[in-house]
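To start, the structure itself, in structure tokens.
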Amino acid sequence: MQTLEVDLGDRSYPIHIGTGLLDNPDLITPHIHGKQVLIVTNETVGPLYLARVQSICAGYQCDVVILPDGESFKTLASVNRIFDALLKARHNRTTTLIALGGGVVGDITGFAAASYQRGVNFIQIPTTLLSQVDSSVGGKTGVNHAMGKNMIGAFHQPQCVIADTETLSTLPERELRAGFAEVIKYGLICDSDFFDWLELNYRSVLSCDMSALAYTIERSCRNKAQVVAQDERESGIRAILNFGHTFGHAIETAQGYGNWLHGEAVAAGMVMATDLSARLGWISASDAQRSRALIEVAGLPAVPPEDMTKQQFMELMAVDKKVLDGALRLVLLKGIGDAVVSSDFAPQALVETFAVGSELCA
């Protein structure tokens, strides 16, 4: 087992990474400070791992909410189901919520924890690659709205993150590849050496080699923890973690949540952001090609949906959280491993980027 620390002063917490962690009560029970626990999971993950977490919580009042599986259920209605369960079982301010599942379960549970009685503790037990390397770390919680992804939420840090790599052995291949998109992101925005390693070792990661996975998760979490420690509430540098996401969120919203997985949309969005960076002369054509090549060999989309128009992109991107005083800001690259947030780009270059691999500008 490896343990990292997210350094946020009195809100600091550990990230535990390894195999068999779901059977170790010493990782969970020290972070349960009251006598009540609510485990939130979904219909896919629950049958696989719920009983193991329940056994650890046998000494507490332990209640369970099982949500439908999928991005389309990342809604206020799902959060309200958690509130209903908490109130019905009379959970008080010392209760602890446990998120057992992927990014959707983690985001919903964290938002419920941030809101219930103005804030209670929660623990993240991520079971997908995407959630283990990204969404479970950093305290971003929330739900989607029909007009924009993740537009309703709160910053609320977990008590700990427990990433049991064995849970990835039951992950569908498509989900594993979607999570790998967020891994590639870290190499592109702040860790060029990691990007070099991924070019050589992506097959081992995608074939679920446990050693390669553990290294991938640890390196990704270390990169994210360092950024979050500098800027917890995304007033500055933390925005680089959204590389590819402004384009990607527009794709998810336009296509209907869940039709494109989050990582798939981010992959296409990263290609678009890299293309724009190259058009601006900020990165070389060869670096742009390297980033696209890794996304393609990982089996991820490198082009946006053919039925999306540039008008759709512009309208949906205008709702992005990085828009400031009406100006669209994008995360772009100055080189592999060097991301910046900027609104200093020519509108025509952005229009040309919308045409990457498609007929959007026809």
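Here is how the numbers come out for the structure above:
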{"quantity": "Hits in segment 247-266 - residues which are within 15 Å of residue 320 (Cβ to Cβ) and surrounded by fewer than 24 Cβ atoms within 10 Å (Cβ to Cβ)", "calculated": "253, 254"}
{"quantity": "Qualifying position, being among the hydrophobic types (A, V, I, L, M, F, W, C), closer than 15 Å to residue 187 by Cβ and in the same structural domain as residue 260 (by TED's automatic domain parsing), among 297, 303, 340", "calculated": "297"}
{"quantity": "Filter pass, residue 196 being acidic (Asp, Glu), more than 26 Å from residue 113 (Cβ to Cβ) and at pLDDT 95 or above", "calculated": "yes"}
{"quantity": "Residue ID - surrounded by the most Cβ atoms within 10 Å (Cβ to Cβ), chosen from residues in segment 101-147 that are outside any loop (DSSP other than H, G, I, E, B) and at positive phi", "calculated": "101"}
{"quantity": "Checklist (1) over 25 Å from residue 144 (Cβ atoms); (2) of a type in the set (S, T, N, Q); (3) touching a residue at least 40 places away in the same chain (Cβ under 8 Å) applied to residue 24, failing item", "calculated": "(3)"}
{"quantity": "Residue within segment 215-228 that is outside any helix (DSSP H, G or I) and modelled with pLDDT of 95 or more present", "calculated": "no"}
{"quantity": "Some residue of segment 267-286 being hydrophobic (A, V, I, L, M, F, W, C), crowded, with 22+ Cβ neighbours inside 10 Å and in a loop (DSSP other than H, G, I, E, B)", "calculated": "yes"}
{"quantity": "Given (1) in contact with an Asp or Glu (Cβ under 9 Å, 6 or more places away or on another chain); (2) in a helix (DSSP H, G or I); (3) touching a residue at least 24 places away in the same chain (Cβ under 8 Å), number of the condition residue 301 does not satisfy", "calculated": "(2)"}
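The values are calculated or read from the model by the stated rules, or taken from the named source; none is laboratory data. Just so it is clear, the model here is predicted, and its values are computed rather than measured. Methodologically, a virtual Cβ is constructed for each residue, glycine included, from the backbone with ideal geometry; neighbour enumeration extends over all protein chains shown.
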